[in-house]
Amino acid sequence: MNDKFRAAGLGLRLITAAVLAVVLIAAWVMGGWYVSALVSVLALVGLGEFLFLFQPSGAWVMKVLGLVLGVLFLAACALLPDFPEHLALAFCSMIAALYALVAWSREKTLAPLGRAAVIICGILYIPALLAPAMHFSRWEQLLVVLLPAASDMA
């Protein structure tokens, strides 16, 4: 890679980091729903990247289903703080498995089961790990953000 592209990539990264830092600090200062909304948006963006990375190129229905289930999971976690997260996760898993079984009955291959597994693993990996941060105190939230940032910089 030549120096021109490397410098352009660094400038774009610095601008993106500055904008994200301002948004993160603003949400952290305002607290409450702002933090829940920011965590939800970040979890959905991460889940979308995960699904588009691991789902086959033609599996649009499974990608959309995964994002819808991610929204449902995050909504249950944000709007119902006393609702057990494992029940929301079980609901999402059952819907993905039901769709996989219906698709399997038409295709007669194991591919739909693998696509459903990708959805469930994506929800476990990103939204399920970020959802508890919605209910942390402000200082715990700051710790959750600063530790990975410090690790990335190191």
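The values are calculated or read from the model by the stated rules, or taken from the named source; none is laboratory data. Only a predicted model underlies this, so the values are computations on that prediction, with no experimental measurement involved. For neighbour counting, all protein chains shown are included, and Cβ atoms are generated from backbone atoms with ideal geometry for every residue, glycine included. Side chains are part of the model used for accessible areas, which takes the heavy atoms of the whole protein and leaves out ligands, DNA and RNA. Shrake-Rupley method; radii C 1.70, N 1.55, O 1.52, S 1.80 Å.
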Taking each pair of different alpha-carbon atoms in the range 72-154 once, compute 1/r for the pair, average those values, and report the inverse of that mean as the Kirkwood hydrodynamic radius in Å to one decimal. 14.7
Helix 3-30 against the longest principal axis of the chain: what's the angle in degrees, Cα atoms only, rounded to the nearest 10? 90
Förster radius 25 Å - calculated FRET efficiency between Trp139 and Leu10 (Cβ-Cβ, nearest 0.05): 0.20
Amide H of Ala59: which non-local residues (sequence gap of 5 or more, or other chain) have their own amide H closer than 5 Å, using H built in the peptide plane? none
Helix 111-125 versus the longest principal axis of the chain: what is the Cα-based angle in degrees, 0 to 90, to the nearest 10? 30
Over the chain, with every protein chain in place, what whole percent of the accessible area is carbon and sulfur at 1.4 Å, could you tell me? 77
Dimensionless Rg/Rh of the chain, both radii on Cα and Rh by Kirkwood, sits at 1.05
Note on the range 15-100: contact order normalised by length, alpha-carbon pairs under 8 Å, 6 or more apart, percent, works out to 20
What percent does the relative contact order of the range 28-154 come to when contacts are Cα pairs within less than 8 Å and at least six residues apart? 33
Can you give the accessible area per residue of the chain, in Å², using a 1.4 Å probe? 65
